Structures are given as C-alpha cells and as structure tokens.
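Just so it is clear, none of the values below were taken in a lab; they were calculated from the coordinates. Keep in mind that what you see is a predicted model, and the values were worked out from it rather than measured. Quick reminder, even Gly has a Cβ in these numbers, built from the backbone with ideal geometry, and neighbours come from all protein chains shown.
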Amino acid sequence: MSDVLEKYLPSHAVSPLFKLIEQNNIHLKIVNERVTRHGDYRRKENGVHQITINANLNKFRFLITLVHEIAHLLAFDRFGRTIKPHGREWKFTFQQMMLPFIRPEIFPVQLLPLIAKHFKNPKASSDTDAQLSVALKSYDPENDKNYVFELPLGGVFRIYNGKVFKKGAKRRKRYECVEMDTGRIYLFQPNAEVELIAG
C-alpha cells in the first residue's frame with residue numbers, strides 16, 4: 001500500500017498517512033474522477049471503513065482530501081455518530097490532523113500561508129476557499145478550462161454536465177449566472193472550472 005501512496009502523495013507524507021490507514025483499518029480505494037467530489041468516507045455494514053479518493057488529484061490536493069476523509073472517521077469515533085459531518089468536532093479533528101503536514105518538506109512554500117489560513121477554520125470542501133483552490137489547481141496538469149472569475153461579463157460557458165450559462169454580476173463572493181435554456185439564475189464560485197464558448 002505504501003508504494004501505491006508514493007504515487008499520489010508528497011514523499012514525506014507517505015509514512016504517517018500509511019500508519020493512519022493501517023491503525024484505523026481503512027480500506028482505501030483510488031477511483032476515476034467524480035466531478036461532484038474529491039473523496040468520501042463510508043462505514044460499511046460489515047464495519048469496514050472505506051475511503052475513496054479521485055485518482056486525478058495532484059499530490060497536495062490528494063493529501064488534504066485523504067486527511068479530510070480520515071478526520072470524518074476519527075471524529076465519528078471520538079464524538080459519536082450523531083455529530084454533523086462538517087461540524088465543529090470534525091473541524092477540530094481535521095485541524096489537529098493537518099498540523100503535522102503543514103511544513104515545507106510536504107507543501108511548496110508558496111502554498112503554506114494559504115493552507116495555514118484555510119485550516120484556521122476549515123470548510124467542508126477546500127474548493128469553497130477560492131484562493132487556496134486556485135493555488136492548488138496550479139499544480140494540476142494543463143487543461144482547456146477557465147475559471148468563472150476569468151470570464152468576461154456576459155461570457156457564455158458550459159459546465160461538466162453540458163448545461164450552458166451566461167456570466168452575470170458578482171454578488172458578494174459568487175457570480176450570478178443565467179442558465180441559457182431555462183433563464184434560471186445560479187450562483188457560481190469564482191474558481192469553478194468551466195469551458196468558455198463565447199466571450
């Protein structure tokens with residue numbers, strides 16, 4: 001298992017995460033990309049703890065996602081299964097688990113301040129932290145996608161499921177965009193990756 005982890009994690013993170021996986025009897029599955037999530041945790045009926053992580057994540061996002069999911073398991077074990085999945089018990093557990101990894105041997109120096117800031121109050125998804133998300137995506141392979149914040153006002157774009165939208169004004173943190181087929185308004189995170197059709 002540790003040789004598999006070498007492929008997906010920064011080298012200095014492999015050993016401590018391998019120990020966590022072993023100690024907690026986790027069945028780790030690395031799966032094809034799911035657009036709606038980077039990973040998930042499930043306790044199966046037979047008591048096995050299963051964590052699935054998308055194979056296409058860069059090493060830094062893979063690490064954060066894996067620790068995020070292990071934090072679910074440990075928070076449920078410590079505080080009981082009635083806690084909110086991303087409530088304060090999980091946040092506390094996630095913060096404590098990430099602390100040993102927030103160092104220059106593991107993350108690039110330019111990411112460290114953004115990660116430290118994020119983990120003062122971690123969100124349910126690192127994607128909702130636009131600054132950190134854009135910084136993490138800079139370590140992904142090149143692709144032909146654009147961020148919503150990069151598009152011109154009125155730009156027309158397509159999302160992963162084929163729906164087409166027109167970019168509108170920014171409302172506090174997110175952008176109001178009109179779905180072309182229905183005229184309904186949706187809010188998009190500035191760092192949502194989309195395909196520009198017409199600018």
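Nothing charged except the Cβ atoms of Lys and Arg (+1) and of Asp and Glu (-1): what's the magnitude of the dipole of the stretch 146-198 about its Cα centre? Round to the nearest 20 debye. Display every interim value, and only then the final one.
Numbers: 10 positive and 6 negative charges, 61 e Å.
Computed charge dipole of the stretch 146-198: roughly 300 debye.
Would you tally the net charge around ARG81, using a Cβ to Cβ cut-off of less than 15 Å, leaving ARG81 out, and scoring K and R as +1, D and E as -1? All intermediate terms of the calculation are to be shown ahead of the outcome.
Details: positive: ARG42, ARG43, LYS44, ARG78, LYS84; negative: GLU45, ASP77, GLU89.
Net charge around ARG81: +2.
Could you give the radius of gyration (one decimal) and Dmax (whole number) of the Cα atoms in the stretch 146-198, in Å?
Final numbers for Rg and Dmax: 9.6, 26 Å.
With an 8 Å Cα cut-off and a minimum separation of 6 or more residues, compute the relative contact order for the chain in percent.
Working: 280 pairs, mean separation 26.9, N = 199.
Dividing the mean separation by the residue count of the chain yields 14 percent.
Quick check: convex hull over the Cα atoms of the stretch 86-153, volume per residue in Å³, rounded to an integer? Present the calculation step by step, with values, prior to reporting the outcome.
Numbers: hull volume 7.5 nm³, N = 68.
Normalising the Cα hull of the stretch 86-153 by residue number yields 110 Å³.
Projecting each Cα onto the charge dipole of the chain (Lys/Arg +1, Asp/Glu -1 at the beta carbon, about the Cα centre), which of SER133, ILE64, THR93 comes out farthest on the positive side?
Toward the positive end, the furthest listed residue is THR93.
May I ask you to derive the FRET efficiency for GLN23 and SER138 from their Cβ-Cβ distance with R0 = 25 Å, giving the value to the nearest 0.05?
Numbers: r = 33 Å, r/R0 = 1.33.
The value I calculate is 0.15.
Starting from the Cα coordinates of the stretch 41-134, work out the convex hull volume and express it per residue in Å³.
Details: hull volume 9.6 nm³, N = 94.
Expressed per residue, the convex hull around the Cα atoms of the stretch 41-134 is 103 Å³.
Angle, helix 59-79 long axis vs. longest principal axis of the chain, Cα atoms, 0 to 90°, nearest 10?
Taking the Cα atoms of the chain, the angle to 59-79 is about 60 degrees.
Which FRET efficiency value, to the nearest 0.05, is calculated for LYS170 and THR128 with the Förster distance at 22 angstrom and r the Cβ-Cβ distance? Kindly include the intermediate steps, with their values, before the conclusion.
Values: r = 16 Å, r/R0 = 0.71.
E(calc), rounded to 0.05, equals 0.90.
Which Rg and Dmax, in Å, describe the Cα atoms of the chain?
18.3, 52
With the contact rule set at Cα under 8 Å and sequence spacing of 6 or more, what percent relative contact order holds for the stretch 48-124? Walk me through the numbers before you get to the answer.
Working: 45 pairs, mean separation 19.7, N = 77.
That works out to 26 percent.
Using helices alone, I'd like the mean residue ellipticity at 222 nm for the chain: each DSSP H run of four-plus residues gives -39500 (n - 2.57), total over residue count, nearest 500.
Working: 6 runs with 67 residues, N = 199.
Here the helix-only value at 222 nm equals -10000 deg cm²/dmol.
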